[in-house]
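Q: This is the structure I want to talk about, given as structure tokens.
The values are calculated or read from the model by the stated rules, or taken from the named source; none is laboratory data. Please read all numbers here as calculations on a predicted model, not as lab measurements. Note: ideal-geometry Cβ built from the backbone for every residue, glycine included; neighbour counts use all protein chains shown. All accessible areas refer to the heavy atoms of the entire protein, side chains included, with ligands and DNA or RNA removed. Shrake-Rupley method; radii C 1.70, N 1.55, O 1.52, S 1.80 Å.
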Amino acid sequence: MISFVQILDFIGTFAFAISGIRLASAKRFDWFGAYIVGLATAIGGGTLRDVMLNVTPVWMTDPIYLICTAFAMFFVIIFGKYLIHLNNTFFFFDSIGLALFTVVGFGKTIALGFPFWVAIIMGSITGAAGGVIRDVFINEIPLIFRKEIYAMACVIGGLAYWGCLQLGMEDYVSQIVGGMTVLIVRILAVKYQITLPILKGDPTNQQEKE
Amino acid sequence: MISFVQILDFIGTFAFAISGIRLASAKRFDWFGAYIVGLATAIGGGTLRDVMLNVTPVWMTDPIYLICTAFAMFFVIIFGKYLIHLNNTFFFFDSIGLALFTVVGFGKTIALGFPFWVAIIMGSITGAAGGVIRDVFINEIPLIFRKEIYAMACVIGGLAYWGCLQLGMEDYVSQIVGGMTVLIVRILAVKYQITLPILKGDPTNQQEKE
Amino acid sequence: MISFVQILDFIGTFAFAISGIRLASAKRFDWFGAYIVGLATAIGGGTLRDVMLNVTPVWMTDPIYLICTAFAMFFVIIFGKYLIHLNNTFFFFDSIGLALFTVVGFGKTIALGFPFWVAIIMGSITGAAGGVIRDVFINEIPLIFRKEIYAMACVIGGLAYWGCLQLGMEDYVSQIVGGMTVLIVRILAVKYQITLPILKGDPTNQQEKE
């Protein structure tokens, strides 16, 4: 079981790093910059979570995340122009990463004794905050605030996880249900182009007024 | 007394969340994105403060901030196009939030045994850093770096709070003086359009040179 | 010895703050905004490091960083238009700061019992992350991701520091070798315009695809 989760963790980290490196490449970052953006995409969410939970960020305890980002970097350098044909594969890998990271973040927060609603937020931060940091680094408005169901899949998956725990299910069953929920919501949302409504509350540019 | 402070906290959180949600709306964020920007505006400063003070961020101990941001969200969705007529009200609420958050941040830092100048900075971060995070998320230069007296009101209020403590005043009196100072400085600065000078040190674009 | 390191620390902080204040000035920030950007450039890297190491950020224990940034501010206000003639001096001061901050960050991380690769990253964050925060505040793509050898000098210096420790050298010798390595790599890179290659992996704008 451990090794299967580790494989999923590697796949998810790889896919997250690839997403950061490709966006950095499109902005003409140098190799170092692209590596850092890839790394921040992969570990940023977990680091923010761990800093708020007041535990040592997980990347500081295991070099696997640095190594995995290096693999992603070589992969983009070597196969760069063919990557566009792998978009569906990366989408699937990215969704696996999102599901796993959400479940890990949720479980870690519950294990530290926080209430379920903190765990749902921490699960979502683990899954989605890396992408926000990535978009800040490349100086774009974070994608997840405007497009597709992404972090909402983490919230729904966290609720499913919590629901299973409330029903007295085994921990590993709850994890699988929570993770599969994230995966299914994400895939269905993209397949059927389900999006959240744009907030049309206020058409004026409010920068003028604090 | 407790309940009066809680009402002020609710008003301040509501006003901060409204400011984030309205700016997100002007950038055409979806509902989820707008909620996150509102939440980050409301709790971002306090979270940054608590992470540096090495205590659990306050939003993780009480769901009121999430609930209050949800109210702000519904408020914008329902009353969106009328909000512009409430700008003066929101300005007043926002100033109350600024005053209260500054005082809370100052007091918490002093209570943890840090010197007064750390408390002044932490008070200002509690009041003003949420707006900086908001502006980074919407990909704008932070408003408080360029416009109006905002964080300076927190600094002056923190100095007043500290002065009162130095004079041997009761803690709650010092809090009221500190908070009223923030409120008055902020309101006078906007009413009489008092701004800090633009820094004209260096006209060349220094991006060229590290 | 202590006082010599303190002088270097002052020089480095001053140069980092100047770099932030000048860029803020070019964006027409007000005095307060410029001070905050200068301060964030000077202390941002160390603060991020200390938050992840779970120790109190160093600026909260000594007001020297605030005072030094205030000196930098007055310097820019008074000598603004002559600063361009001092670019070579600032480049040298900035490189000293980079070298010292890297060594301090590396040493502190090792002293807390973390492995060498965490120390190398923490040294690089201490040296280079302040500049990233500065560039996010002024709403530009971080310079270190696209231009010149900068953070790479920190990585190489960290490796040299670690190599010396592995060879059984005294701690202070290792620090000097590490710091000189950063300084030399940085100066040679700029003198001979050595840059990292641009990542050409993926020409398409990947914002379209998560």
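Q: Kindly list, by first and then second residue, each pair from a residue in the stretch C:189-202 that is open to solvent by less than 40 Å² (accessible area, probe 1.4 Å) and in a loop (DSSP other than H, G, I, E, B) to a residue that is among the acidic types (D, E) and at pLDDT 85 or above, limited to pairs with Cβ atoms under 7 Å and residues at least 6 apart or on different chains.
A: If the second residue must be among the acidic types (D, E) and at pLDDT 85 or above, the pairs left are C:L199/A:D30.
Q: Another question about this same structure. Could you tell me whether any residue of the stretch C:158-168 is farther than 21 Å from A:F32 by Cβ and surrounded by 22 or more Cβ atoms within 10 Å (Cβ to Cβ)?
A: Looking only at the stretch C:158-168, we keep the residues that are farther than 21 Å from A:F32 by Cβ, and these are C:164-168.
If we keep only those that are surrounded by 22 or more Cβ atoms within 10 Å (Cβ to Cβ) too, we end up with none.
No: the stretch C:158-168 contains no residue that is farther than 21 Å from A:F32 by Cβ and surrounded by 22 or more Cβ atoms within 10 Å (Cβ to Cβ).
Q: Among residues belonging to the stretch B:132-157 that are at the interface with another protein chain (Cβ under 8 Å from one of its Cβ atoms) and over 17 Å from B:V190 (Cα atoms), point out the one that is most open to solvent (accessible area, probe 1.4 Å).
A: Ranking the qualifying residues of the stretch B:132-157, first place goes to B:E140.
Q: When C:R186 is evaluated against the numbered criteria (1) open to solvent by 20 Å² or more (accessible area, probe 1.4 Å); (2) in a helix (DSSP H, G or I); (3) in contact with a helix residue (DSSP H, G or I) (Cβ under 6 Å, 6 or more places away or on another chain), which criterion, by number, is the only one it fails?
A: Going through (1) open to solvent by 20 Å² or more (accessible area, probe 1.4 Å); (2) in a helix (DSSP H, G or I); (3) in contact with a helix residue (DSSP H, G or I) (Cβ under 6 Å, 6 or more places away or on another chain) one by one, C:R186 breaks only (1).
Q: Something else now. Which one of the conditions (1) touching an Asp or Glu at 6+ places or on another chain (Cβ under 9 Å); (2) on the phi > 0 side of the Ramachandran plot does B:G113 fail to meet, given that it meets all the rest?
A: (1)
Q: Pick out, from the stretch A:1-113, the helices (runs of 4 or more DSSP H) lying fully within it that include 3 or more residues that are among the hydroxyl-bearing types (S, T, Y), open to solvent by 10 Å² or more (accessible area, probe 1.4 Å) and within 10 Å of another protein chain (Cβ to nearest Cβ).
A: Numbers: elements: A:2-26, A:31-53, A:64-79, A:87-111.
So the answer is none; nothing clears 3.
Q: To continue, here is another question. May I ask you to list the residues in the stretch B:147-178 that are touching a residue at least 24 places away in the same chain (Cβ under 8 Å) and assigned to a loop (DSSP other than H, G, I, E, B)? Write out each step before concluding.
A: Pass one, the stretch B:147-178, residues touching a residue at least 24 places away in the same chain (Cβ under 8 Å): B:147-159, B:161-162, B:165, B:171-172, B:175, B:178.
Correct list: B:K147, B:E148, B:I149, B:Y150.
Q: Show the residue pairs meeting these rules: Cβ distance below 7 Å; 6+ apart or different chains; first residue within the stretch C:83-109 and more than 13 Å from C:G12 (Cβ to Cβ) and free of Cβ contacts under 8 Å to residues at least 40 places away in the same chain; second residue open to solvent by 10 Å² or more (accessible area, probe 1.4 Å) and not acidic (D, E).
A: Short answer, once both residue conditions are applied: C:I84/B:T204; C:N87/B:K209.
Q: What do you reckon, is A:S174 within 12 Å of chain B (Cβ to nearest Cβ), crowded, with 22+ Cβ neighbours inside 10 Å and among the hydroxyl-bearing types (S, T, Y)?
A: Numbers: within 12 Å of chain B (Cβ to nearest Cβ): no; crowded, with 22+ Cβ neighbours inside 10 Å: yes; among the hydroxyl-bearing types (S, T, Y): yes.
Judged against the criteria, A:S174 is not a match.
Q: Taking the conditions exactly as written (under 14 Å from A:F32 (Cβ atoms) and not in a loop (DSSP other than H, G, I, E, B)), does C:V132 satisfy them or not? Write out each step before concluding.
A: On the way: under 14 Å from A:F32 (Cβ atoms): yes; not in a loop (DSSP other than H, G, I, E, B): yes.
Yes: the conditions hold for C:V132.
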